[in-house]
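J.: Here it is, the structure, as structure tokens.
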């Protein structure tokens with residue numbers, strides 16, 4: 001087994017097309033996960049012991065306790081038997097967004113719980129409406145410290161897009177498998193896939209650590 005530079009170079013353009021799909025899936029899934037996670041956290045925090053909050057909490061717990069791969073299969077392969085037929089990329093984005101949304105919800109919850117009780121009491125003493133208390137007092141204090149944690153979840157989603165190849169999405173990993181199958185040589189495209197992922201995840205993780213250190217100075 002030897003490294004073929006010409007083959008590796010020729011593999012880059014098709015891999016780039018798959019990489020674009022990977023980035024698109026990451027972006028949309030991340031937005032869904034962050035928005036859904038905040039919604040789950042707010043419902044559980046605002047509703048507390050209400051029936052809706054309990055149902056949402058049980059649903060989130062169920063999703064966290066079951067494998068993402070099974071959820072991908074269920075949405076894409078079982079969905080049509082239930083009358084829900086979705087394109088592969090759409091099904092994958094929904095599965096990723098919902099699955100990791102239940103985890104970002106925990107990060108939001110931790111950030112909200114970290115806001116000192118005195119801030120709530122001060123807002124109540126000033127007769128600030130509850131909605132304004134959340135928008136102008138609680139969330140501005142809760143969100144900045146947890147941005148690094150949420151950024152890490154985005155990186156996990158980025159790496160999790162590799163599972164989309166199992167439901168026929170032609171993303172980076174799937175494209176490398178196609179190239180390897182066509183040439184009966186998987187070494188170069190597989191190594192290049194690792195380089196693509198590392199080129200994004202490593203600088204992003206360094207930036208997140210830098211941000212986290214700076215934020216910690218102001219706590």
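Each reported figure results from applying straightforward, stated rules to the coordinates on display, with no laboratory input. Fair warning: this is a prediction, and the values are worked out from it, not measured in the lab. For neighbour counting, all protein chains shown are included, and Cβ atoms are generated from backbone atoms with ideal geometry for every residue, glycine included.
J.: Before we move on, is residue 110 under 30 Å from residue 21 (Cβ atoms) and under 18 Å from the mean Cα position of the chain (by Cα)?
T.: When the stated conditions are applied, residue 110 does not pass them.
J.: Having 1 or more residues that are touching a residue at least 60 places away in the same chain (Cβ under 8 Å) is the bar; report the helices (runs of 4 or more DSSP H) wholly within region 56-173 that clear it. Show your work before the answer.
T.: On the way: elements: 68-73, 88-113, 117-125, 139-160.
In region 56-173, the matching helices (runs of 4 or more DSSP H) lie at 68-73, 88-113, 139-160.
J.: Among the residues that make up region 208-217, is at least one of them in a helix (DSSP H, G or I), in contact (Cβ under 8 Å) with a residue 12 or more places away in the chain, surrounded by fewer than 14 Cβ atoms within 10 Å (Cβ to Cβ) and under 22 Å from the mean Cα position of the chain (by Cα)?
T.: Looking through region 208-217, at least one residue is in a helix (DSSP H, G or I), in contact (Cβ under 8 Å) with a residue 12 or more places away in the chain, surrounded by fewer than 14 Cβ atoms within 10 Å (Cβ to Cβ) and under 22 Å from the mean Cα position of the chain (by Cα).
J.: Every residue in region 1-16 that is part of a helix (DSSP H, G or I) and touching a residue at least 40 places away in the same chain (Cβ under 8 Å), please. Walk me through how you get there before you give the answer.
T.: Applying the first criterion (part of a helix (DSSP H, G or I)) to region 1-16 yields 5-16.
Across region 1-16, the qualifying residues are 7, 8, 11, 12, 14, 15.
J.: On to the next question. Give the residues of region 25-55 that are in contact (Cβ under 8 Å) with a residue 60 or more places away in the chain and within 25 Å of residue 87 (Cα to Cα), sorted by residue number.
T.: Residues satisfying the conditions are 25, 26, 28, 29, 30, 31, 32, 33, 34, 35, 36, 37.
J.: All but one of (1) closer than 30 Å to residue 183 by Cβ; (2) in contact (Cβ under 8 Å) with a residue 12 or more places away in the chain; (3) surrounded by fewer than 19 Cβ atoms within 10 Å (Cβ to Cβ) hold for residue 19, so report the exception by its number.
T.: For residue 19, the exception is condition (3).
J.: List the number of the failed condition for residue 185; all other conditions in (1) part of a helix (DSSP H, G or I); (2) over 18 Å from residue 153 (Cα atoms) hold.
T.: Failing condition for residue 185: (1).
J.: Continuing with the same structure: Here are some conditions: (1) surrounded by 15 or more Cβ atoms within 10 Å (Cβ to Cβ); (2) over 16 Å from residue 41 (Cβ atoms); (3) more than 23 Å from the chain's Cα centre (by Cα). Residue 71 meets all but one. Which one does it not meet?
T.: (3)
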